[in-house]
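These notes are about the structure you will find just below.
The values are calculated or read from the model by the stated rules, or taken from the named source; none is laboratory data. Predicted, not measured: the structure shown is a model, and the values here were computed from it. Neighbour counts run over all protein chains shown; Cβ positions are idealised from the backbone, glycine included. The protein model used for the area step is the full one, side chains on, heavy atoms only, and it has no ligands, DNA or RNA in it. Shrake-Rupley method; radii C 1.70, N 1.55, O 1.52, S 1.80 Å.
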Amino acid sequence: MTERLADISARIEGIRQLGAVVNAMKGIAGARAHVARTQVQAVDSYANTIAGAMASVLHTSMNTPHNSFDSGSAKRGMLVFTAEQGFAGAFSERVLEAFATEDEPELLFLIGTRGAAIAQARGLAPYWTAPLPSHTPGIPKLADRITTAIYQAVAERRINCLDALFTGWVNGRPVLLRQPLFPIDLENLPPATATHPMTHLAEEPLIAALGQDYFNAQVCKAALHAFASENEARMEAMASAGAQIARELETFQAKLRRVRQEAITAEIIELGTGTASAEPAR
């Protein structure tokens with residue numbers, strides 16, 4: 001009986017320690033998601049500033065803005081963001097299942113170590129992969145790497161258009177988003193401001209340079225959304241795990257009380273039996 005009590009007590013202590021780890025992981029994921037959501041607003045502001053600059057350049061130009069992209073000869077690439085780490089539920093699986101319903105792209109750019117392993121198990125062969133940083137300060141550098149890889153593929157004529165597939169978080173639920181990133185639709189730029197900047201560069205290289213910065217900002221924004229959504233999925237998974245741990249802890253605590261009561265009852269019976277046998281016969 002003593003050994004049984006010790007085993008149950010050890011199990012309860014182990015469950016409590018696991019619960020502390022789960023709560024810590026939930027708190028870390030929540031903090032990271034909050035920071036990423038805040039930074040999305042800053043990236044949006046930066047992208048809007050670049051879009052306004054492109055609109056001003058095109059407005060002052062004698063040329064009419066147009067896109068030379070022919071959708072009939074599309075060589076499409078896909079930039080897909082999956083999970084970097086585990087304990088995020090079916091986060092990567094949902095993204096890859098959505099990707100499977102899309103037309104097969106010429107090139108797949110896959111972000112996320114955990115998702116890359118799942119993709120490989122499903123027979124997918126990405127053209128280019130990279131890990132998602134564990135903290136948001138590393139995301140701008142990742143966006144630079146992605147931009148370089150994609151522009152190189154465009155220069156090599158491997159692709160001439162690209163969409164991003166990533167997870168957003170709307171009303172407490174994950175939502176898969178597909179966003180065209182390249183080529184940039186110049187006709188959908190915001191209206192130009194009344195103030196026109198003075199430029200010393202030709203329109204084409206200036207628009208190309210601004211366009212690359214705008215593309216980089218959109219990639220950074222998608223990466224931040226994916227980063228935040230992965231951590232929010234981890235929060236949800238940890239909340240579910242925490243509820244299960246609480247149920248198990250309650251079950252083992254009830255078992256411990258029952259075993260203690262049985263031990264006390266057995267001791268009382270034993271004492272009573274011993275006292276009765278010790279009394280002298282009359």
Share of accessible surface on carbon and sulfur in the chain, whole %, 1.4 Å probe and ligands ignored, is 55 percent
Cβ-Cβ cut-off under 11 Å around E262, Lys and Arg +1, Asp and Glu -1: the net charge is +4
Magnitude of the Cβ-charge dipole (Lys and Arg +1, Asp and Glu -1) of region 96-146 about the Cα centre, nearest 20 debye, reported as 380 debye
Asserting the computed 222 nm helical MRE of the chain (DSSP H runs at least 4 long, -39500 (n - 2.57) per run, divided by residue count, to nearest 500) equals -22000 deg cm²/dmol
For K221, the lysines lying under 29 Å Cα to Cα, once residues fewer than eight places off in the same chain are dropped, come out as K26, K75, K141
Candidate span helices, the chain: DSSP H, at least 30 Å along axis from Cα coords, Kyte-Doolittle average at least -1.0, result 2-60, 203-278
Relative contact order in percent for the chain (Cα pairs under 8 Å, 6+ apart) equals 32 percent
Per the C-alpha gyration tensor (a ≥ b ≥ c, the square roots of its eigenvalues), region 148-266 is rounded if a/c is under 1.5, else prolate if a/b beats b/c, else oblate; here it's prolate
The summed charge of the T251 Cβ neighbourhood (under 13 Å; Lys/Arg +1, Asp/Glu -1) stands at +3
Of all stretches in the chain that avoid GluC sites (Glu not before Pro) placed in a DSSP loop and having at most 15 other Cβ atoms within 10 Å, the longest is 157-282
Cross-link reach from K255 to aspartates and glutamates, straight Cα distance under 16 Å and at least 8 residues apart if same chain, gives E3, D7, E13
For the chain, shape from the Cα gyration tensor axes a ≥ b ≥ c, cut at a/c of 1.5 then a/b versus b/c, turns out prolate
To the nearest Å², the heavy-atom accessible area per residue of the chain with 1.4 Å probe amounts to 58 Å²
In debye to the nearest 20, the charge dipole size for the chain, taken about the Cα centre with +1 at each Lys and Arg Cβ and -1 at each Asp and Glu Cβ, equals 760 debye
With the convex hull built on the alpha-carbon atoms of region 91-218, volume per residue in Å³ sits at 161 Å³
Restricting to Cα pairs under 8 Å and 6 or more apart, the percent relative contact order of region 22-163 works out to 26 percent
